[in-house]
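The values are calculated or read from the model by the stated rules, or taken from the named source; none is laboratory data. Here the structure is a predicted model, which is why all the values come from computation and not from measurement. All Cβ positions, even for glycine, are placed from backbone atoms using ideal geometry, and neighbour counts span all protein chains on display. The protein model used for the area step is the full one, side chains on, heavy atoms only, and it has no ligands, DNA or RNA in it. Shrake-Rupley method; radii C 1.70, N 1.55, O 1.52, S 1.80 Å.
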Amino acid sequence: MSPSGPTDGDGYDWLYEDESGRHRPRPAAAGSDVPPPNLPPPGSKGSRPKRSKDPREPKQRKPRGRWRLLWLVLVLWLAFLLIVPIVAWSKITKVDATPEGERPEDKATTWLIVGTDKRPKDRSRGRTDTILMLTYGGDGPSVLTSIPRDSQVNIPGHGRTKVNAAYAFGGAPLLVETMEGATGVRIDGYAEIGFVGLRDVVDALGGIEICPDQNIKDKDARLNIKKGCQEVDGKTALAYSRSRKAFGTGDIARGQHQREVIGAIGKAALSPSTVLNPFTYSRVATTVAESLAVGDDVSMFSFARFGWKLARAVGGDGRSCTVPIADLSVQWDRERALKYFGHLKNGTTDQLGDLCTEDGMRD
């Protein structure tokens, strides 16, 4: 058939029939440039054939999906960090540590921290070989104070004797009452740990670092170590915190070592190797909870704040002291001790000056 219509821009006309009766394009006559109906103009976007996608080409992932995954991991991790302490808190032993009668009022917060020599299966209360006071709040830095166990104080109902006997006579309430009477400082929180508990906590952390400045050989404490910084396990850390006969300053040196061990425990507990390892973090939280006893009026929030302040006090942001003493028989220097505890009571620890010394003696 002859052409029956205009041509498109590619040189084809349309509306003709082939032998089978179908319409097919054929070369158009020269000079024909009109496109067939229902087709886009030549050169337009729609006239270009679409490029089929090669199934072998890798799919590009949207970066938004990766960020969502990271956020999910972060949220789960934060939830884990919060849930573990909450579960551990339910395992902490609560004890009555509140004495009866009138008590002093303070502008700061003070915790009493004690370590007992009570052994497993021992029916007696034991005695408090470690007595520390942590004071924070007010205008000055946190202060950790060692109270030598042989300090002579008045124990209500038992006369004047060594302070570590108060716990044996009447447990935590009598010890708190004794310390408040001797210092004039109100005890707002109470925390207690036994020998086995301290050992277990150090082992749960994978050990701690101590830095003795001399070789120590103490048969009674079962301690034999060289001077210099070193990693020790729970058994050695416990012996180090109890040793006194290897030193000329006796109980004073023991108090210094106890503060060093507490500081090392706090440093290890807050280290990335503990916090970022879910197994270590969970194990440490559980072990601490099972090893501690706290006053029955202590909340989880106040205990968390106490732990944070304790770590700072022995980590360089606070002060570490021994109660002012007159001589190595650990008789308190009454005048200096009154001033010292007055600053703790009033929250003016920034004014302690040389009242705060490592061994309690005058500089």
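Considering (1) touching a strand residue (DSSP E or B) at 6+ places or on another chain (Cβ under 7 Å); (2) in contact (Cβ under 8 Å) with a residue 40 or more places away in the chain; (3) not in a loop (DSSP other than H, G, I, E, B), the lone condition that Val201 does not fulfil carries the number (1).
Within region 127-143, being farther than 16 Å from Phe303 by Cβ, touching a residue at least 60 places away in the same chain (Cβ under 8 Å) and assigned to a loop (DSSP other than H, G, I, E, B) holds for Gly138, Asp139, Gly140, Pro141. Among the residues making up region 242-254, those that are open to solvent by 10 Å² or more (accessible area, probe 1.4 Å) and among the small types (Gly, Ala, Ser) are Ala246, Gly248, Gly250. Of the residues making up region 122-160, just one is modelled with pLDDT of 95 or more, open to solvent by 30 Å² or more (accessible area, probe 1.4 Å) and among the polar types (S, T, N, Q), namely Asn154. Once region 175-193 is narrowed to residues that are open to solvent by 20 Å² or more (accessible area, probe 1.4 Å) and touching a residue at least 40 places away in the same chain (Cβ under 8 Å), the residue that is farthest from Lys94 (Cα to Cα) is Gly184.
Quick check on region 236-248. Is at least one of its residues assigned to a strand (DSSP E or B), touching a strand residue (DSSP E or B) at 6+ places or on another chain (Cβ under 8 Å) and charged (D, E, K, R)? No, the conditions are met nowhere in region 236-248. Just one of the listed residues (Thr280, Thr287) is crowded, with 17+ Cβ neighbours inside 10 Å and touching a Ser or Thr at 6+ places or on another chain (Cβ under 8 Å), and it is Thr280. I want to confirm something. Restricting to region 280-301 and keeping residues that are touching a residue at least 40 places away in the same chain (Cβ under 8 Å) and not in a helix (DSSP H, G or I), which single residue is farthest from Pro99 (Cα to Cα)? Among those residues, the one meeting the criterion is Leu292. One residue stands out in region 302-340 among those that are of a type in the set (A, V, I, L, M) and within 20 Å of Ile210 (Cβ to Cβ): the one that is least open to solvent (accessible area, probe 1.4 Å), namely Ala313. Of the listed requirements (1) open to solvent by 20 Å² or more (accessible area, probe 1.4 Å); (2) in a helix (DSSP H, G or I), Lys217 misses just one: (2). Of Ala293, Ala289, Ala313, all but one fail to be under 28 Å from Leu78 (Cα atoms) and at pLDDT below 90; the exception is Ala313.
Is it fair to say Val73 is of a type in the set (A, V, I, L, M), crowded, with 16+ Cβ neighbours inside 10 Å and closer than 28 Å to Pro272 by Cα?
It is false that Val73 is of a type in the set (A, V, I, L, M), crowded, with 16+ Cβ neighbours inside 10 Å and closer than 28 Å to Pro272 by Cα.
Is it the case that region 302-322 has a residue that's without any contact (Cβ under 8 Å) to a residue 12 or more places away in the chain and farther than 20 Å from Pro141 by Cα? No, region 302-322 contains no residue that is without any contact (Cβ under 8 Å) to a residue 12 or more places away in the chain and farther than 20 Å from Pro141 by Cα. A single entry from Ser90, Ser52, Ser20 fulfils the requirement of being open to solvent by 60 Å² or more (accessible area, probe 1.4 Å), of a type in the set (Gly, Ala, Ser), at pLDDT 80 or above and over 30 Å from Val143 (Cβ atoms): Ser90. One residue stands out among those in region 308-337 that are closer than 17 Å to Leu134 by Cα and in a helix (DSSP H, G or I): the one that is farthest from the chain's Cα centre (by Cα), which is Ala337. Inside region 338-363, residues that are part of a loop (DSSP other than H, G, I, E, B), hydrophobic (A, V, I, L, M, F, W, C) and closer than 21 Å to Val153 by Cα make up a count of 2.
Inside region 144-165, can you point out the residues that are within 17 Å of Gly255 (Cβ to Cβ) and either within 31 Å of the chain's Cα centre (by Cα) or outside any loop (DSSP other than H, G, I, E, B) (or both)?
Scanning region 144-165 gives Leu144, Thr145, Ser146, Ile147, Pro148, Arg149, Gln152, Val153, Lys162, Asn164.
Test each condition in (1) open to solvent by 10 Å² or more (accessible area, probe 1.4 Å); (2) over 25 Å from Asn346 (Cβ atoms); (3) modelled with pLDDT under 95 for Glu105 and report the one that comes out false. Against the list (1) open to solvent by 10 Å² or more (accessible area, probe 1.4 Å); (2) over 25 Å from Asn346 (Cβ atoms); (3) modelled with pLDDT under 95, Glu105 comes up short only on (2). Taking the criterion of being in a helix (DSSP H, G or I) and surrounded by fewer than 19 Cβ atoms within 10 Å (Cβ to Cβ), the residues of region 262-273 that qualify are Lys267, Pro272, Ser273.
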